[in-house]
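**Student:** This is the structure I want to talk about, given as structure tokens.
The values are calculated or read from the model by the stated rules, or taken from the named source; none is laboratory data. Being a predicted model, the structure only gives us computed values, none of them experimental. Note that we place each Cβ from the backbone using ideal geometry, even for glycine, and neighbour counts take in every protein chain shown.
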Amino acid sequence: MKRYLPLPYEIWGAELLKAQAWQESRFDPQAESPVGAKGVMQFMPGTWREVSQKMQWQGVSASSASHSIYAGAWYMARMRRIWKARRSERDRYDLALSSYNAGAGNLIKAQRLCAGVPDYAGIVQCLPEVTGEHSKETLNYVHLIWRAYRKMRQQ
């Protein structure tokens with residue numbers, strides 16, 4: 001799995017992925033959201049099909065904890081690579097988390113609406129124009145993951 005772990009995991013440790021898994025599902029492999037996301041890392045069905053196809057997994061369910069976590073690390077690396085402009089690693093990771101939650105296309109649209117600002121704080125200011133009320137969930141999602149991460153580091 002290490003080859004799929006993006007740089008932030010090397011900087012901040014696996015607790016960052018663990019904090020994300022906690023926020024997504026409370027580590028419950030059988031978790032299913034009201035909108036149909038499943039597994040520890042809460043993959044939407046279409047995204048799970050895409051990721052499992054790239055991983056060459058045949059018939060593997062998003063409810064498989066190990067596969068979901070592995071795929072989550074891979075998908076976060078992919079989200080992070082989208083945000084390749086020069087910025088801090090923390091900013092890049094916040095944008096990747098937001099992309100995981102709201103969809104990378106929505107974050108890119110928000111960036112365009114904000115005249116191409118490169119930083120997380122600037123981009124998310126325009127997110128409500130793209131995702132409406134869901135933007136609050138996305139901002140809270142990022143905040144709660146970092147809060148869980150800090151708690152895990154203290155233990």
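**Student:** Inside segment 20-123, counting only helices (runs of 4 or more DSSP H) that do not spill past its ends, which hold 2 or more residues that are touching a residue at least 24 places away in the same chain (Cβ under 8 Å) and within 22 Å of Arg150 (Cα to Cα)?
**Tutor:** By residue number, 65-82, 89-102.
**Student:** Against the definition (at pLDDT below 95, over 14 Å from the mean Cα position of the chain (by Cα) and not small (Gly, Ala, Ser)), how does Ile108 come out, yes or no?
**Tutor:** The answer is no for Ile108.
**Student:** Could I ask something else about it? Restricted to segment 1-19, and to residues that are closer than 18 Å to Asn101 by Cα and assigned to a helix (DSSP H, G or I), which residue is modelled with the highest pLDDT?
**Tutor:** Ranking the candidates gives Ala19 first.
**Student:** Quick check on segment 72-93: of everything there that is more than 28 Å from Gln53 (Cβ to Cβ) and in contact with a helix residue (DSSP H, G or I) (Cβ under 7 Å, 6 or more places away or on another chain), which residue is surrounded by the most Cβ atoms within 10 Å (Cβ to Cβ)?
**Tutor:** The selected residue is Asp91.
**Student:** Regarding Ser98, is this residue crowded, with 22+ Cβ neighbours inside 10 Å and hydroxyl-bearing (Ser, Thr, Tyr)?
**Tutor:** Yes.
**Student:** Further, regarding this structure: Run Asp119 past the list (1) more than 23 Å from Gln20 (Cα to Cα); (2) touching an Asp or Glu at 6+ places or on another chain (Cβ under 6 Å) and report the number of the one that doesn't hold.
**Tutor:** Looking at each condition in turn, Asp119 falls short on (1).
**Student:** For segment 135-155, give me each residue that is within 15 Å of the chain's Cα centre (by Cα), more than 16 Å from Ala19 (Cα to Cα) and surrounded by fewer than 16 Cβ atoms within 10 Å (Cβ to Cβ).
**Tutor:** If the condition is that a residue be within 15 Å of the chain's Cα centre (by Cα), more than 16 Å from Ala19 (Cα to Cα) and surrounded by fewer than 16 Cβ atoms within 10 Å (Cβ to Cβ), then Glu137 is the only one that fits.
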